[in-house]
């Protein structure tokens, strides 16, 4: 989902919500503290997540670049 709106705010959780697919059905969650919260979505769906500073910058660059 390419969000039409993105709003940066305080984190919603203590731990970063970024999850990486390691392959073979294994997932690993980032173990850093969350520093940023995001509301993102379009008119129909609004989601929220908490990310560490590194993954916040990574995710914002994907959204700005037009990727999901």
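The values are calculated or read from the model by the stated rules, or taken from the named source; none is laboratory data. Predicted, not measured: the structure shown is a model, and the values here were computed from it. Every residue, glycine as well, gets a Cβ built from its backbone with ideal geometry; the counts of neighbours run over all protein chains shown.
Brief remarks on what is shown
Okay, residues lined up against (1) modelled with pLDDT of 85 or more; (2) surrounded by 12 or more Cβ atoms within 10 Å (Cβ to Cβ); (3) in contact with a helix residue (DSSP H, G or I) (Cβ under 6 Å, 6 or more places away or on another chain):
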| site | (1), (2), (3) |
| --- | --- |
| 21 | yes, no, no |
| 26 | yes, no, no |
| 33 | yes, yes, no |
| 50 | yes, yes, no |
| 56 | yes, yes, no |
| 67 | no, no, no |
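- Scan of the stretch 1-37 for residues that are touching a residue at least 12 places away in the same chain (Cβ under 8 Å), within 23 Å of residue 65 (Cα to Cα) and not in a loop (DSSP other than H, G, I, E, B), ordered by number: 5, 6, 7, 8, 9, 36, 37
- Look at the stretch 43-55: where a residue is without any contact (Cβ under 8 Å) to a residue 60 or more places away in the chain and a partner is loosely packed, with under 12 Cβ neighbours inside 10 Å and assigned to a strand (DSSP E or B), sitting 6+ places away or on another chain with Cβ atoms under 9 Å, you get 43/5; 46/5; 48/9.
- Residue list for the stretch 35-48, filter: within 23 Å of residue 2 (Cβ to Cβ) and touching a helix residue (DSSP H, G or I) at 6+ places or on another chain (Cβ under 7 Å): 36
- Meets criteria (under 10 Å from the mean Cα position of the chain (by Cα) and assigned to a helix (DSSP H, G or I)) for residue 58: yes
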